[in-house]
Every structure is written in C-alpha cells, then in structure tokens.
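**Student:** Got a structure here, written out as structure tokens. Questions coming.
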Amino acid sequence: MRRLALAAALLTVALTGASAQTPPDAPLNARLGGDLTPVHDPVIIREGETYHVFSTGLGPGAHGLISARTSRDLVTWRKGAAPFERLPDWAAKAIPGATNMWAPDISYVNGRYRLYYAVSTFGSNRSAIGLATSATLDPAKPGYGWRDEGLVVLSTPADDYNAIDAAFVAGADGRHWLSLGSFWTGLKLFELDPRTGKLLRPAEKPRPLASRPVPAGAPSIVEAPYIFSAHGWYWLLASYDYCCKGVNSTYYTVVARSKTVEGPYHGKDGSSMLKGGGTILLRADLQEKQRFRGPGHPGHFRDADGTDYVIYHAYDREAKGAPTLRLAPLRWGADGWPVAEGQ
C-alpha cells in the first residue's frame, strides 16, 4: 500500500450503496450497500453470524486508526467497533510522523483473534508490523478488548523490503507464516512462533515471495501479498502497479500457486512470481470505462458453506474516486484456477 496522499479529501465522500432496484440474483458486488467507503486494504472474517471487515484507518474518530465494519448477510454493511483509540506508544516512537494504521490482517489462532497492522509514513520503508489480540470481535461479549502485543517486524532504510501489508497463513504442517511487502525488492515471507504470533527467528532473513524486474535502482512495483490454501495448493494473491491515485489508479491483482507455503509460486502459464509473473484475477477494463478502477489489495475468506471469496478495494468513478469495499465469490474452473465472479 503506497499510502493515501488524498485521504483527507476522501473522507468527505458520501456513503455509496446498491440501488433498491438491484435484482436479488445480481452479482454480490452489485448488491453491496450501506457503509462501503472509504475502505482501503480490507480483510474479512466471520464470528458466529456476523461478518467483520477491518481496513486501513480512514474516517472520523477511532476509525481513523483502523476502520471496522460488520454485516449479517455479506450485503449490507455498517460501522463496527474500531479496535484502537490511539497509536500504541511503541509504534509512535518507532515510526515518527505516523498518524494511522494501514492494511490490517485478521485471523483466529489458539483461541484468540489476531490483528496484524502496519505503521508507516507514505513513501518510506521505516515501517513496523504490530499485533493486537482479542478473545472475541463482539463488544457485547465477555473477553472483548484488544490487547496490543507490540512489535512483530521492523524495516528501516537499511533493509531491502518494506514491513507493511502483512498477512498470516498457517501451513498444513503446523508452521505459521507472515507474508508482507510493498515495493523495494518485493514481497517477503517470515516464519512465526505459533505460540506468540511473532517472529520465530528474529535474526533470520526473510524468504523472497515475489518481485518484478525493474531497471537498476527502481522499486519492484508489487505489494499486498495474501496466501491461502485450497484444492491441494497454496495460492498467492498480490497487487501490481499503482494504488492510491483514485480513478487513475492502475492497480490490479494476480494469483499464483505452489505446493508449499514457501513457494516458488507460478501462474497458470508457468510464469514465476519471482520474475513478475502470475495470472490476472482482478483488473478493470483497459478502456477505463468501468466504474470501479484499480481493484487490488486482496484478501481471501472461506465461509461456513465452503464458498471462497476475494475481498478487495477499488476506486469508484461515480463517487470522486472513493476507495470502496468490493467482495466477489471465487468460482473454481475446470482447470483448477479461480475466477472472481462479478468483479
């Protein structure tokens, strides 16, 4: 996430939603309504009968740190309880000038919800990934309350990666991992201690996941990794090109797969994610007539009925380029590859 120079302007955009005339059998994205914007870098999880979306801090009050939304049907969304009232002290000291939290990730591990988040400033790789945990996502339930667990990964100008856009994945072998990265030399993978959710070997260099060939001295224009398992494979989602430019954003999402969490990941055509490969999953039409531009920063969610979804944001041309929540079911083709329905 190359973050949000136009955030202040986006906060003034009115809420968007589906038309009352939208047919009930229309694609999910066409039926979404309620509080859908500003949503940037969303992730989703379900607790009981309630779906929870967390996203980069945009909005008034506590939602300007990390934003939260809930739904009972995946269609109509409303503001939820924001997890933070202020930046943790350690984060404010580690990243001078930071004002909000970016690109959260949500998972349920060992009886607690884990919320990873990034703290940084635009254009810098002096960045940090932090972790907060709670026994429940429901403020009305006993045990609710986010406990900040502190620093997980810190990057500085001495590093060749940027510690933002983190996402958790547990392998079938019981090993836990955190993928992350934005620009610099690309996407990285760190192994986690399953007990603490922090780095298993802090001194160990991260494993490379994805990179795009660029001229010497230029950044690798790839970010926002997300790994999930399905149909005997691990799938890597990532965003290519530029976000955060409203309707002029060129963001799009690619997918690749591997038999191991660590990779290597390849697209349908065999192209390597370490060489800028992969298969396009989400992309606006090239004629730039499509309403929602720059679809990217994806996350994956599997519902109780086994349906897979990809959650992401796109910029609404009919709402001054506001970053907007998007959610599409994944259909698995005969070739074993996913297709996003109604993107």
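**Student:** Could I get the Rg over Rh figure for the stretch 101-157? Both from C-alpha atoms, Rh via Kirkwood, rounded to two places. Spell out each step's value before the answer.
**Tutor:** Numbers: Rg = 13.1 Å, Rh = 12.2 Å.
Rg/Rh: 1.07.
**Student:** When only DSSP loop residues count, what trypsin sites (Lys or Arg not before Pro) in the stretch 99-203 have their Cβ near at most 11 other Cβ atoms within 10 Å?
**Tutor:** Working: sites: Arg112, Arg114, Arg126, Arg147, Arg175, Lys188, Arg195, Lys198; in loops: Arg126, Arg175, Arg195, Lys198.
Sites meeting the loop and neighbour criteria: Arg195.
**Student:** Something else about it: Amide H of Tyr265: which non-local residues (sequence gap of 5 or more, or other chain) have their own amide H closer than 5 Å, using H built in the peptide plane?
**Tutor:** Long-range HN contacts for Tyr265: Met273, Leu274.
**Student:** A further question follows. At 0.36 nm per residue, minus the direct Cα-Cα distance, what do Thr260 and Ser229 gain on full extension? Give it in nm, one decimal, please.
**Tutor:** 10.2 nm
**Student:** Using 1/(1 + (r/R0)^6) with R0 = 51 angstrom and r between the beta carbons of Lys205 and Asp25, what's the FRET efficiency to the nearest 0.05?
**Tutor:** Working: r = 50 Å, r/R0 = 0.99.
Efficiency, rounded to the nearest 0.05: 0.50.
**Student:** Given H placed 1.01 Å from N in the peptide plane, which residues other than close sequence neighbours of Ala230 have an amide H under 5 Å from its amide H?
**Tutor:** Trp235
**Student:** Got a sec to turn the phi values of the stretch 69-85 into Karplus ³J(HN,Hα) couplings, 6.51 cos²θ - 1.76 cosθ + 1.60 with θ = phi - 60°, whole Hz, x for Gly and Pro?
**Tutor:** In residue order, the calculated couplings are 9, 9, 8, 9, 9, 6, 10, 9, 10, 9, 4, x, 7, 5, x, 10, 9 Hz.
**Student:** Report, to two decimal places, the Cα Rg of the stretch 39-112 normalised by 2.2 N^0.38 Å (N = number of residues).
**Tutor:** Details: Rg = 13.1 Å, N = 74, 2.2 N^0.38 = 11.3 Å.
Its radius of gyration relative to the 2.2 N^0.38 Å reference: 1.16.
**Student:** Okay, moving on. Below 8 Å between Cα atoms, with a sequence gap of 6+, how large is the relative contact order for the chain in percent?
**Tutor:** 14 percent
**Student:** Is the stretch 99-193 rounded, prolate or oblate when judged by the Cα gyration tensor, a ≥ b ≥ c being the square roots of its eigenvalues, rounded requiring a/c under 1.5 and prolate requiring a/b larger than b/c?
**Tutor:** Judged from the Cα gyration tensor, the stretch 99-193 comes out oblate (a/c at least 1.5, b/c at or above a/b).
**Student:** Quote the convex hull volume per residue of the chain, based on C-alpha atoms, as a whole number of Å³.
**Tutor:** Values: hull volume 47.2 nm³, N = 343.
Here the figure is 138 Å³ per residue.
**Student:** With no solvent and one point on each alpha carbon, what is the Debye value of log10 I(q)/I(0) for the stretch 199-336 at q = 0.18 Å⁻¹?
**Tutor:** -1.08
**Student:** Which value in nm describes the separation of the simple spin-label points at Thr136 and Thr196, placed 7 Å from the Cα toward the beta carbon?
**Tutor:** 2.9 nm
**Student:** Pop out the ³J(HN,Hα) list for the stretch 295-308 in order, Karplus 6.51 cos²θ - 1.76 cosθ + 1.60 with θ = phi - 60°, rounded to Hz; leave Gly and Pro as x.
**Tutor:** x, x, 6, x, x, 10, 8, 10, 7, 4, 8, x, 6, 8
**Student:** Assuming R0 = 25 Å, what is the FRET efficiency of Glu341 and Glu47, from their Cβ-Cβ distance, to the nearest 0.05? Don't skip to the end; give the middle numbers.
**Tutor:** Values: r = 25 Å, r/R0 = 1.00.
Working from the Cβ atoms, E equals 0.50.
**Student:** I've got another one for you. So which lysines can Lys205 reach, going by Cα to Cα under 25 Å and dropping same-chain residues fewer than 8 places off?
**Tutor:** Excluding near neighbours in sequence, the set is Lys93, Lys188, Lys259, Lys275.
**Student:** Scan around Glu47 for amide H atoms under 5 Å from its own, H built in the peptide plane at 1.01 Å from N, and keep only partners 5 or more places away or cross-chain.
**Tutor:** Under 5 Å from the amide H of Glu47: His52.
**Student:** Hey, another quick one. For Lys141, which lysines qualify as cross-link partners when the Cα separation must be under 22 Å and same-chain residues fewer than eight apart are set aside?
**Tutor:** Lys141 reaches Lys79.
**Student:** Taking the chain as a Gaussian network, Cα atoms linked when under 10 Å apart, which of His231, His63, His40 shows the biggest mean-square fluctuation?
**Tutor:** His231
**Student:** Return the Rg/Rh ratio of the stretch 164-275 with Cα-based radii and a Kirkwood Rh.
**Tutor:** Working: Rg = 14.2 Å, Rh = 14.5 Å.
A ratio of 0.98.
**Student:** Calculate, for Asp285 and Ala172, the FRET efficiency according to 1/(1 + (r/R0)^6) with r their C-beta to C-beta distance and R0 35 Å; round to the nearest 0.05. Provide the component values of the computation, followed by the final result.
**Tutor:** Values: r = 38 Å, r/R0 = 1.08.
My answer for the efficiency is 0.40.
**Student:** From the phi angles alone, apply the Karplus equation (6.51, -1.76, 1.60; θ = phi - 60°) to the stretch 138-143 and give each ³J(HN,Hα) in whole Hz, x where the residue is Gly or Pro.
**Tutor:** 9, x, 8, 9, x, x
**Student:** Which trypsin sites (Lys or Arg not before Pro) in the stretch 244-285 pass both tests, a DSSP loop state and at most 11 other beta-carbon atoms within 10 Å? Intermediate results must be reported in sequence, preceding the final value.
**Tutor:** Details: sites: Lys245, Arg257, Lys259, Lys268, Lys275, Arg283; in loops: Lys245, Lys259, Lys268, Arg283.
Answer by residue number: Lys259.
**Student:** Pull out the extension gain between Arg331 and Asp241, defined as 0.36 nm times the separation in residues minus the alpha carbon to alpha carbon distance; nm, one decimal.
**Tutor:** Details: separation 90, 0.36 × 90 = 32.40 nm, distance 2.50 nm.
Extra length available between Arg331 and Asp241 comes to 29.9 nm.
Bear in mind that the values in this text are calculations on the coordinates, not laboratory data. This one's a predicted model, so the numbers in the text were calculated from it and none came from an experiment. When we count neighbours, we look across all protein chains shown, and the Cβ atoms used for this are built from the backbone with ideal geometry, even at glycine.
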